[in-house]
Amino acid sequence: MGGPSLRQLHAHHAIHEGGLSGAIDKTEEVEQLLQAGEFEVARQAADHLVDYWVTRILSHADAEEEGFYEEMAGDDPQRRLSVVKLTRDHDILRLIIADIRQELAEEGMTPEVMRQFQALIVVNAIHSREEERLLLEEPRG
Ligand SMILES: [Fe+2]
Ligand SMILES: [Fe+2]
């Protein structure tokens, strides 16, 4: 699984950048709707944003765990440890998204939901940077 594009730094980086910039744009939209007092539309936009995280970002994470990580780790103990850490990052994203879904279902749009959406952006940006550094960049030195 994965295909050659995951193994190539520039192609993989482009997937990360595209996913992140879409999430940032959509998060800003939700915030602007809230500021405008459009609570119903903001709620719908928040549901779409959750879908975006699942279909664009979590599906990428799932694909990596279905073979790419294993392939990149091989028998190298350092890389095997990196893959464990990177998989935990994916789990953190999944946990935050599950919390957002629960909060939206039980409380609707709250300031906590917006904090969680912002947290996703930060965690995902750090994760992508670390993934590229640990698995795809040439070792320096
Ligand atoms: Fe990843
Ligand atoms: Fe990735």
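The set of residues from the stretch 84-93 being more than 10 Å from ligand 1 (Cβ to nearest atom) and either among the β-branched types (Val, Ile, Thr) or more than 20 Å from residue 70 (Cα to Cα) (or both) comprises 84, 92.
Return a yes/no flag: does the stretch 22-33 have any residue that is within 16 Å of ligand 2 (Cβ to nearest atom) and assigned to a helix (DSSP H, G or I). So far as the stretch 22-33 goes, yes, one or more of its residues are within 16 Å of ligand 2 (Cβ to nearest atom) and assigned to a helix (DSSP H, G or I). Here 56, 80 are screened, and the one residue that is away from ligand 2 (no atom under 16 Å from the Cβ) and at pLDDT 95 or above is 80. From the list 33, 9, the lone residue that is aliphatic (A, V, I, L, M), farther than 24 Å from residue 111 by Cβ and in contact with a helix residue (DSSP H, G or I) (Cβ under 7 Å, 6 or more places away or on another chain) is 9.
When residue 139 is tested against (1) in a helix (DSSP H, G or I); (2) over 21 Å from residue 21 (Cα atoms), only condition (1) is not met. With respect to (1) more than 16 Å from ligand 1 (Cβ to nearest atom); (2) over 22 Å from residue 21 (Cα atoms); (3) assigned to a helix (DSSP H, G or I), the lone exception for residue 75 is condition (3). Only one of the numbered conditions (1) within 16 Å of ligand 2 (Cβ to nearest atom); (2) closer than 19 Å to residue 30 by Cα; (3) charged (D, E, K, R) is not met by residue 131, and that is (2). For residue 66, the test of being within 13 Å of ligand 1 (Cβ to nearest atom) and either surrounded by 14 or more Cβ atoms within 10 Å (Cβ to Cβ) or assigned to a helix (DSSP H, G or I) (or both) is passed.
Among the residues in the stretch 96-115, are any within 16 Å of ligand 2 (Cβ to nearest atom) and either part of a helix (DSSP H, G or I) or closer than 27 Å to residue 8 by Cα (or both)? No, the stretch 96-115 has no match at all.
Consider the stretch 45-61 and keep the residues that are over 15 Å from residue 98 (Cβ atoms) and either surrounded by 14 or more Cβ atoms within 10 Å (Cβ to Cβ) or touching a residue at least 24 places away in the same chain (Cβ under 8 Å) (or both). The one that is farthest from ligand 1 (Cβ to nearest atom) is 45. What are the pairs, 6+ residues apart or on separate chains, where a residue within the stretch 1-27 that is of a type in the set (A, V, I, L, M, F, W, C) has its Cβ under 8 Å from a residue that is at pLDDT below 95 and not in a helix (DSSP H, G or I)? Close Cβ pairs (under 8 Å, with a partner that is at pLDDT below 95 and not in a helix (DSSP H, G or I)) amount to 9/137.
The values are calculated or read from the model by the stated rules, or taken from the named source; none is laboratory data. As the structure is a computational prediction, the values presented were derived from the model and not from experiment. Note that we place each Cβ from the backbone using ideal geometry, even for glycine, and neighbour counts take in every protein chain shown.
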